[in-house]
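To keep things clear, I will list the structure first and then write my remarks on it.
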Ligand code: SF4
C-alpha cells in the first residue's frame, strides 16, 4: 500500500517508524522504567518471529524496537503487545517515557529510580499523551552522582545526591546539537522534583516556539528565568 508523507509522519508520532527501504516499519515498544518481565520478553520474541525478521533491538533509552514489520501487520503487532501489557509509542512532540539508571539493582542508588520512572510515566507520559508540546520532552534519572543516565543531557533530570534527595538539572539535550544542562540550586524530595517537572512542562507549553527543543528555549529565555519559575519565585 502506498502511504503519503503525512500518513508516515502520523504513524511515526504513534511509534511506527518508516525504515530506509520505505516498505517496512520499526515498531517502538515502550519499556517502562527499562524493566520487562520474562513473559513480556517472550511475547516480543514471538512477535519478531511472526511479523519481523526474528530479532529486536534496544534503543539507547532502554526501549525495544521491532524492525521489518509490514504496514499490514502494524495492528496485529499492537494487539499482540497489548495482550502482554505492552504498548507502542514513545515518539512525537510529547513527554517521552522517562529514562532511568538501574537504580534499585545497583548498590550505589540513593533513591529508587525505577519507582520514580514508573510514577513519571503514569503522570507525564500517559497523563500528557494528548498534550502537544513544541518538541520532545525528555526526563532522565540517575540514582547517584555516578550519573549513568547522563542527567546533564535531559530536558529535566534528577540525580541522587543524598538518600531520597535529588539535584534537579534542566536544559540539556543531545543529538545533532548538544547542550549541557545546568543544576537548579538546592536538593529536593522526589515529590517536590516531580512538581518541578510539571511546572517545567507547563512553562515549555506556554513559552516554547513550534519545533523548539526545551534546551533551546532555556537558552533563549534564560536559565535564571526558568529556574525562578520552577522554584515558584
Ligand atoms: S547512576 Fe549510580 S545508582 Fe544509577 S546505576 Fe549508575 S552507579 Fe548505580
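The values are calculated or read from the model by the stated rules, or taken from the named source; none is laboratory data. Computed from a predicted model, the values in this text were never measured in an experiment. Cβ coordinates were reconstructed from backbone atoms using ideal geometry, including for glycine residues, and neighbour counts include every protein chain displayed.
A few comments on the model shown:
- Hey, residue 110 modelled with pLDDT of 95 or more and outside any strand (DSSP E or B) or not: yes
- For the range 161-176, taking the residues that are surrounded by fewer than 18 Cβ atoms within 10 Å (Cβ to Cβ) and touching a residue at least 24 places away in the same chain (Cβ under 8 Å), the one that is farthest from the ligand (Cβ to nearest atom) is identified as 174.
- Residue among 153, 158, 110 that is within 16 Å of the ligand (Cβ to nearest atom), in contact with a helix residue (DSSP H, G or I) (Cβ under 6 Å, 6 or more places away or on another chain) and not assigned by TED's automatic domain parsing to the domain that holds residue 21: 158
- Exclusive hit being surrounded by fewer than 16 Cβ atoms within 10 Å (Cβ to Cβ) and touching a strand residue (DSSP E or B) at 6+ places or on another chain (Cβ under 9 Å), set 55, 51: 55
- Test: residue 43 is within 16 Å of the ligand (Cβ to nearest atom) and either more than 16 Å from residue 12 (Cβ to Cβ) or outside the structural domain of residue 160 (by TED's automatic domain parsing) (or both): no
- Residue match in the range 210-223 (condition: free of Cβ contacts under 8 Å to residues at least 12 places away in the same chain and more than 16 Å from the ligand (Cβ to nearest atom)): yes
- Test result for residue 48, outside any loop (DSSP other than H, G, I, E, B), closer than 30 Å to residue 113 by Cβ and more than 18 Å from the chain's Cα centre (by Cα): yes
- Out of 117, 105, sole residue that is under 14 Å from the mean Cα position of the chain (by Cα) and within 16 Å of the ligand (Cβ to nearest atom): 117
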